[in-house]
Ligand code: ADP
């Protein structure tokens, strides 16, 4: 009986295949690391062929272990914005994939901003002019890679984000992208069904090389690579998938993922969101051509601050040690960390900012610094909460996930500082689960996304606010001062 969904989770540092049953339990999993290429400072590349081979190998392992006949459908979730260029005839990559973190097109973005394009681009696409998004990476490939250019001239160029590349390989040549991934390229108007010619002209991307935009769930494609035809019925970028995995289907429902960075998305319903506070508007999901939108705020440095304390300063030996250290003192002793180690993301967007540790004294030790590092997560999230509220999307509770959310002290501090109930599912692999929910619904295993998420999401733990107002006020004031100093 086909009662499992196979999720292919193509992340930045690894690729995984996970089989979920109808109750959201992980039946089988296989994982492979992904090589990171750093050819120059600020450049980050992946080998698209390696992504495909690892994905196929992991999927085949999982399919062999549970039996391909038990897979009802496939769902794909992926690192967003990363660009792959391949040859339509050979199906081979033409260049290394340019990864979302890559900053090589910063100058192009600055020039477009100087020419006054940002307001119109933000109004149409919900995004800002930043190298993070796909369009300028596509143009860079055309300008700098002879193979990409000649394929474009010969009409053989295919461009896409990672899910698009994987569907092409799985299906044997179908060139599609889901609306959620497409909304990260700068080429899709939030209210337009397909990529827009005017935006393609602005960024110099040939529209004919782009995929067709399709739903995030429903009958999207089919693969014959597992011994029998299996439908692909769910596609979404990682943050959108996590929002689905957290069951944020009603207007205002919000999730925050704390991994290397932190990503907050609030469901904004069916009306195109407009931010006046430097948040991003994005497609959350699409079914039957109807879209649900989200507002998004990204914090660049979250768990990576803890990694830095461990690997660069040697202050801790493991990330989880921060929890006991934070609990070992009554407060941070006035120490405040602004973790702008890679600039500041939303709502500040200050690429030039650098981090500070303020308020040091001879009484400051490991515990105070570890506590200040964890406190910085709530402070950064509080800045986002203010921006979301000012954009008319005040949070009523916050659903958290990601590797760092395992830290109970941080979860409680978030509840305290935001003065909101914070909810954490026992199953924190919400990105993969979300792709499973999309695929299971798309395949008709459940009547609705809500029903699928209820069945698959599992138990949650709640953290309720218990902090004195005056303590919160003092913390926010201290954070404000440290922020103003950078
Ligand atoms: P990503 O998906 O971005 O690779 P993960 O969701 O796996 O990241 O989260 C890993 C990050 O979370 C690491 O940066 C690590 O430092 C941090 N982290 C993991 N566990 C804890 C913990 N108990 N306390 C604090 N930080 C943690």
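The values are calculated or read from the model by the stated rules, or taken from the named source; none is laboratory data. Being a predicted model, the structure only gives us computed values, none of them experimental. Here the Cβ is made from the backbone with ideal geometry for all residues, glycine too, and neighbour counts use every protein chain on show.
Across region 98-114, the number of residues qualifying as in contact with a strand residue (DSSP E or B) (Cβ under 8 Å, 6 or more places away or on another chain) and either assigned to a loop (DSSP other than H, G, I, E, B) or without any contact (Cβ under 8 Å) to a residue 12 or more places away in the chain (or both) comes to 3. Taking the criterion of being crowded, with 19+ Cβ neighbours inside 10 Å and touching a helix residue (DSSP H, G or I) at 6+ places or on another chain (Cβ under 6 Å), the only residue of region 29-47 that qualifies is 30. Within region 295-307, the residues that satisfy the criterion of being near the ligand (Cβ under 9 Å from one of its atoms) and under 30 Å from residue 267 (Cβ atoms) are 302, 303, 304, 305, 306. Residue 241 meets the stated requirement of being within 21 Å of residue 435 (Cα to Cα), within 16 Å of the ligand (Cβ to nearest atom) and assigned to a helix (DSSP H, G or I). Please enumerate the residues belonging to region 257-273 that are touching a helix residue (DSSP H, G or I) at 6+ places or on another chain (Cβ under 6 Å) and within 12 Å of the ligand (Cβ to nearest atom). Within region 257-273, 257, 258, 259, 260, 263 qualify. Scanning region 9-25 for residues that are within 16 Å of the ligand (Cβ to nearest atom) and surrounded by 14 or more Cβ atoms within 10 Å (Cβ to Cβ) yields a count of 7. Every condition in (1) surrounded by fewer than 16 Cβ atoms within 10 Å (Cβ to Cβ); (2) more than 30 Å from residue 271 (Cβ to Cβ); (3) at pLDDT 95 or above holds for residue 389 except the one numbered (2).
Taking the criterion of being in contact with a helix residue (DSSP H, G or I) (Cβ under 6 Å, 6 or more places away or on another chain), within 16 Å of residue 410 (Cα to Cα) and either more than 13 Å from the ligand (Cβ to nearest atom) or not in a helix (DSSP H, G or I) (or both), the residues of region 308-337 that qualify are 319, 328, 329, 332, 336, 337.
Can we say residue 342 is at pLDDT below 90, over 15 Å from residue 360 (Cβ atoms), away from the ligand (no atom under 12 Å from the Cβ) and out of contact with any strand residue (DSSP E or B) (no Cβ under 9 Å at 6 or more places or on another chain)?
Details: at pLDDT below 90: yes; over 15 Å from residue 360 (Cβ atoms): yes; away from the ligand (no atom under 12 Å from the Cβ): yes; out of contact with any strand residue (DSSP E or B) (no Cβ under 9 Å at 6 or more places or on another chain): yes.
Against the criterion (at pLDDT below 90, over 15 Å from residue 360 (Cβ atoms), away from the ligand (no atom under 12 Å from the Cβ) and out of contact with any strand residue (DSSP E or B) (no Cβ under 9 Å at 6 or more places or on another chain)), residue 342 qualifies.
Highlighted here are the strands (runs of 3 or more DSSP E) found entirely within region 115-233 that include at least 1 residues which are within 25 Å of residue 295 (Cβ to Cβ): 176-178, 212-214, 217-223.
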